[in-house]
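Asker: The structure is given below, and queries will be raised subsequently.
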Amino acid sequence: MEDTGFSKWLKAFMKQHKIRQYQLADRAGVHDNIIQGYRSGRNMPNLYNAAIVATALQQLTGISRAQILDLMAAAALQD
């Protein structure tokens, strides 16, 4: 599967903030395979799941959820 703008962004964001896949999955309340699918570009989150992931990233980084959602949207529009 080819990387998407969103998957590239998610990988870079997680690396920058030293977030492991299992940490994000646990905080978001989803299985690791869901996050792996987003990171690989195999799957894209729907709006509901994007909000869940953004909330989890907010909790892990302290960055506002609105800012994370803006970054997610900008990355997704690169596809």
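The values are calculated or read from the model by the stated rules, or taken from the named source; none is laboratory data. Bear in mind the structure is a predicted one, so any value in this text is a computation, not a measurement. A quick note on method: Cβ atoms are made from the backbone with ideal geometry, for glycine too, and the neighbour counts reach across all protein chains shown. Remember, those area values only see protein heavy atoms, side chains included, never the ligands or the DNA or RNA. Shrake-Rupley method; radii C 1.70, N 1.55, O 1.52, S 1.80 Å.
Asker: What part of the accessible area of the chain, given as a whole %, is carbon or sulfur when the probe is 1.4 angstrom?
Answerer: Percent of accessible area from carbon and sulfur atoms in the chain: 50.
Asker: In debye, nearest 20: dipole of the chain around its Cα centre with unit charges on the Cβ of K, R (+) and D, E (-)?
Answerer: With Lys and Arg at +1 and Asp and Glu at -1, about 240 debye.
Asker: Leaving out ligands and nucleic acids, note down the accessible area per residue over the chain with a 1.4 angstrom probe, in whole Å². Could you put the intermediate results ahead of the total?
Answerer: Details: 4900 Å² over 79 residues.
Per-residue value: 62 Å².
Asker: Moving on to the next point. Provide, as a two-decimal number, the C-alpha radius of gyration of the stretch 5-79 over 2.2 N^0.38 Å, N being how many residues it has.
Answerer: Relative to the rule-of-thumb radius for its length, the stretch 5-79 sits at 0.95.
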